[in-house]
């Protein structure tokens, strides 16, 4: 499976795969336990992420403050 995912990435340039629709719910544990560590070993799956929220990463702006009522 890791080989196939690598092939798809190399041949198409995709940067992600949504397995939620392709893998049965009970099989997701196998993905986490076997495929992810193998892809990490190959340098194809991140081990760590930069700190910050998605908003900060996309916009460079910190979390919005709630509006105050007068």
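Report whether or not residue 51 is surrounded by 10 or more Cβ atoms within 10 Å (Cβ to Cβ) and out of contact with any strand residue (DSSP E or B) (no Cβ under 7 Å at 6 or more places or on another chain).
no
What residue, among those in region 25-48 that are outside any helix (DSSP H, G or I) and at pLDDT below 95, is surrounded by the fewest Cβ atoms within 10 Å (Cβ to Cβ)?
Step one: list which residues in region 25-48 are outside any helix (DSSP H, G or I), which gives 42-48.
So of that shortlist, the ones also at pLDDT below 95 come out as 43-48.
Details: 43: 8, 44: 14, 45: 14, 46: 10, 47: 9, 48: 5.
Looking at the filtered set, the residue picked out is 48.
Which residue pairs have Cβ atoms under 7 Å apart, sit 6 or more places apart or on different chains, and have a first residue in region 1-12 that is closer than 17 Å to residue 31 by Cβ and a second that is part of a helix (DSSP H, G or I)?
1/35; 2/35; 2/38; 2/39; 5/39
The values are calculated or read from the model by the stated rules, or taken from the named source; none is laboratory data. Everything numeric in this text was worked out from a predicted model, so none of it was measured. Quick reminder, even Gly has a Cβ in these numbers, built from the backbone with ideal geometry, and neighbours come from all protein chains shown.
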